[in-house]
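Working notes, structure below.
The values are calculated or read from the model by the stated rules, or taken from the named source; none is laboratory data. Predicted model, so just to flag it, every value in this text is computed and none were measured. Using ideal geometry, Cβ is built from the backbone for each residue, glycine included, and neighbour counts are taken over all protein chains shown.
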Number of protein chains: 2
Amino acid sequence: MKDSNTIRIPAVQMEAEFIRILLKHGFREDKAKLCASVFTDNSIDGVLSHGVNRLSRFVKYVINGLIDVDAEPELAHSSGAVEQWNGNLGPGPLNAFKCTERAMTLARKSGIGCVALNNTNHWMRGGTYGWKAAKAGFVFIGWTNTIGLMPAWGAMDNKLGNNPLVIAVPYGDEAIVLDMAMSQYSYGKMETKAMENSILDFPGGYNSSNELTCDPSEILSSKRPLPIGFWKGSGLTLLLDILAAILSGGLSTGEISKKKDESGVSQVFIAFDISKLGNFPSIQNTISEIIADYKESVPVDEKSNIRYPGEQILKIRAANLQDGILVNREVWNDILSLE
Amino acid sequence: MKDSNTIRIPAVQMEAEFIRILLKHGFREDKAKLCASVFTDNSIDGVLSHGVNRLSRFVKYVINGLIDVDAEPELAHSSGAVEQWNGNLGPGPLNAFKCTERAMTLARKSGIGCVALNNTNHWMRGGTYGWKAAKAGFVFIGWTNTIGLMPAWGAMDNKLGNNPLVIAVPYGDEAIVLDMAMSQYSYGKMETKAMENSILDFPGGYNSSNELTCDPSEILSSKRPLPIGFWKGSGLTLLLDILAAILSGGLSTGEISKKKDESGVSQVFIAFDISKLGNFPSIQNTISEIIADYKESVPVDEKSNIRYPGEQILKIRAANLQDGILVNREVWNDILSLE
């Protein structure tokens, strides 16, 4: 990846550019800073698709009026440890941050807390909220619905979202963070692979003859990506959409898909305050033992790298913090010229 | 399936036989009845692997002392809407029933309730508890860990459980119930397919040359079944195990796997009382609209049957209730001779 097309940008410099751009687009200073930190942290963690590579599209949504920079999420209904919030079409990462914090507050009181958020925008990288909650000592389960972009099992048309699911637990000073969409590969990954003229390691969807294929161009053309586990992921993503819609009182994938652009999505944030559990003193030890056992797996071959979810992020983060964030040069020039 | 090897047994007759057997093995009458109803209902729903086909193995566990028929689950620790219970190695379905009910009770009070259960036994079919909660008007999320039976992504040996996950929502008088293990195919399914000399529709694991295969015999021999979505299901099942172990204070898959037989598993039961939500009056309408939209998917071909999770169960249930439960003749004769 170290070629003339890429450049290393120090995190502080990137964050400063993001703040500059967001302020120009009407963000209040504290919100510009928090929003910029989410896009910067995602870039530091190597999730460029929801970091530096995404910022210009995020700004376009602001310009087009899909994101209301001044909107604040507000409590719509409370029933004890479950709260329903209205995102008022504010910036997705800010709404999601607030609801993660609120779920943690509810959990501090009741052991568990759930905030269901409707009428919000793309939260960018779900893992952001998992890392945040887990590093604060909470177990986190959260998911979002999305616009339709995957067919139901046995179907041609995209009735299902890929509805990313995040599960996170504290692990020492860091966290174990699973952040997975219900499609086998993201469109972003398939587009990158197609541009490189390379194929997927495993079938990622169907070609026009209804055969499974590893060719990303064929899948991008058929628009039939594969759910994880075939019928299983199809069922799981349907249930995640139903739960997001009914718990938040918000839009389902089907309703979001009627819009031109993805907006007004529904999200769920569940936090557990594990410091309230009877076995709290031994929890970190339990997690360490599970991971130690997992890492003792016999690898298939010397190329096998048996990692827990989030493990690789730590290495990428360290490298990007030390050497600067590895970014496509053209993307970075676009950021610099963004008014 | 209608051949001389199968027989139709009326549900009441099956349940009576199960009660007879369980009473003989020391179950108190109310517990025998409840346990028999779980095994019968699973059979009515066509899940014979956790119904009539499983009872003799369940009884063997009682005889071997792995299941304590008199044990009652007891509250170990309470922190508001989260409770930790000790299953005291009682019958898995009875413990799970009790904890489902308890999660519903907690949800009635706090909007959401979570019971984490340790030291319990196999709950048989997770869907049982999803159907129960959803038909009572609750949203349900639950899972169990299991003994190790699936390798981590990139590994040879079975460090991971298949940790079935259940998500259920009320749907009219019935329910939508997702009940999925994290392996692409169960060992039971692969054994049946192997006996029939037929192959799996999709790769279900690896052969001894580390190639993906649809041949169930090869997978049974390599003992390397495939997680759903390759690395994604591997990560998800690891997180489900971590959460089950730390929330319940119970054993992890790694610890359970040190035993000769699966016993002392950890489970999580989460219920939402949706009658407490601000949008409760419109929830059934929302679910109906999502399902209607889903069912309007354009099928790939005339063989496509675009079903929601649990839909097929309703048809099987109706047929088995009307005509008697379709059972393997040999299995039924074994039940009749079970002392």
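General remarks:
- When residues in the range A:177-191 are screened for being away from every other protein chain (no Cβ under 12 Å) and within 26 Å of A:Gly130 (Cα to Cα), 4 of them pass.
- Lone unmet requirement of (1) of a type in the set (Gly, Ala, Ser); (2) closer than 23 Å to B:Arg125 by Cα; (3) at the interface with another protein chain (Cβ under 9 Å from one of its Cβ atoms) for B:Gly278: (2)
- Residue in the range B:220-267 that is farthest from the other protein chains (Cβ to nearest Cβ), counting only those that are under 24 Å from A:Gly205 (Cα atoms) and small (Gly, Ala, Ser): B:Ser234
- Check on A:Lys109, more than 30 Å from B:Lys303 (Cβ to Cβ) and more than 14 Å from chain B (Cβ to nearest Cβ): no
- When we screen A:Ile270, A:Ile316 for residues that are within 9 Å of another protein chain (Cβ to nearest Cβ), of a type in the set (Val, Ile, Thr) and either surrounded by fewer than 21 Cβ atoms within 10 Å (Cβ to Cβ) or out of contact with any Lys or Arg (no Cβ under 6 Å at 6 or more places or on another chain) (or both), the only hit is A:Ile270.
- Only helices (runs of 4 or more DSSP H) whose full extent lies in the range B:1-74 are considered here, and the ones with at least 1 residues that are buried (at least 20 other Cβ atoms within 10 Å of the Cβ) and of a type in the set (S, T, N, Q) are B:29-44.
- Residues located in the range B:75-99, provided they are buried (at least 24 other Cβ atoms within 10 Å of the Cβ) and more than 11 Å from chain A (Cβ to nearest Cβ): B:Gly87, B:Pro91, B:Gly92, B:Pro93, B:Leu94, B:Asn95, B:Ala96, B:Cys99
- Considering the conditions (1) small (Gly, Ala, Ser); (2) on the phi < 0 side of the Ramachandran plot; (3) in contact with a Leu (Cβ under 7 Å, 6 or more places away or on another chain), A:Gly264 is excluded by exactly one of them, (2).
- Filter result (of a type in the set (Lys, Arg) and farther than 27 Å from A:Gln13 by Cβ) within the range A:45-104: A:Lys98, A:Arg102
One line per residue, one yes/no per condition, for (1) of a type in the set (Val, Ile, Thr); (2) in the same structural domain as A:Leu178 (by TED's automatic domain parsing):
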position: A:Lys232; (1), (2): no, yes
position: A:Leu239; (1), (2): no, yes
position: A:Ile256; (1), (2): yes, yes
position: A:Ser266; (1), (2): no, yes
position: A:Leu277; (1), (2): no, yes
position: A:Val300; (1), (2): yes, yes
position: A:Ala319; (1), (2): no, no
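- Verdict on A:Ser217 being touching a Lys or Arg at 6+ places or on another chain (Cβ under 9 Å) and small (Gly, Ala, Ser): yes
- The residues listed here are A:Thr192, A:Thr144; of these, the one that is surrounded by fewer than 24 Cβ atoms within 10 Å (Cβ to Cβ) and in contact with a helix residue (DSSP H, G or I) (Cβ under 9 Å, 6 or more places away or on another chain) is A:Thr192.
- Looking only at the range A:124-136, residues that are without any contact (Cβ under 8 Å) to a residue 40 or more places away in the chain, of a type in the set (Gly, Ala, Ser) and farther than 20 Å from A:Ser282 by Cα come to 0 in all.
- Across the range B:281-304, the number of residues qualifying as modelled with pLDDT of 95 or more and more than 8 Å from every other protein chain (Cβ to nearest Cβ) comes to 7.
- Residues satisfying the stated conditions in the range B:181-191, i.e. in contact with a strand residue (DSSP E or B) (Cβ under 6 Å, 6 or more places away or on another chain) and either aliphatic (A, V, I, L, M) or farther than 11 Å from B:Pro225 by Cβ (or both): B:Met182
- Residue within the range B:204-214 that is within 24 Å of A:Ala175 (Cα to Cα) and facing chain A (nearest Cβ under 9 Å) present: no
- A:Leu336 being under 28 Å from A:Arg57 (Cβ atoms), assigned to a helix (DSSP H, G or I) and out of contact with any His (no Cβ under 6 Å at 6 or more places or on another chain): yes
- Among (1) assigned by TED's automatic domain parsing to the domain that holds A:Met124; (2) more than 30 Å from A:Lys109 (Cβ to Cβ) - the single one A:Ser217 does not satisfy: (1)
- Options B:Ile67, B:Ile44; residue that is over 29 Å from A:Asp273 (Cβ atoms), in contact with a strand residue (DSSP E or B) (Cβ under 8 Å, 6 or more places away or on another chain), of a type in the set (Val, Ile, Thr) and modelled with pLDDT of 95 or more: B:Ile44
- Taken together, the residues in the range B:112-127 that are on the phi > 0 side of the Ramachandran plot and more than 16 Å from the chain's Cα centre (by Cα) amount to 1.
- Residue check: A:Tyr171 meets all listed conditions (1) surrounded by fewer than 24 Cβ atoms within 10 Å (Cβ to Cβ); (2) over 20 Å from A:Leu238 (Cβ atoms); (3) more than 11 Å from chain B (Cβ to nearest Cβ); (4) of a type in the set (Ser, Thr, Tyr) but one, namely (3).
- Within the range A:239-257, tally of residues that are under 16 Å from A:Glu83 (Cβ atoms) and in contact (Cβ under 8 Å) with a residue 12 or more places away in the chain: 6
- From the options B:Val166, B:Val139, residue that is within 10 Å of another protein chain (Cβ to nearest Cβ), of a type in the set (Val, Ile, Thr) and in contact (Cβ under 8 Å) with a residue 60 or more places away in the chain: B:Val139
- Every pair of residues 6+ apart whose Cβ atoms lie under 8 Å, when the first sits in the range B:177-194 and is under 11 Å from B:Gly205 (Cβ atoms) while the second is among the aromatic types (Phe, Trp, Tyr) and in a loop (DSSP other than H, G, I, E, B): B:Gln184/A:Phe230; B:Gln184/B:Phe202
- Count - residues of the range B:102-117 that are more than 14 Å from A:Val82 (Cα to Cα), β-branched (Val, Ile, Thr) and assigned to a strand (DSSP E or B): 1
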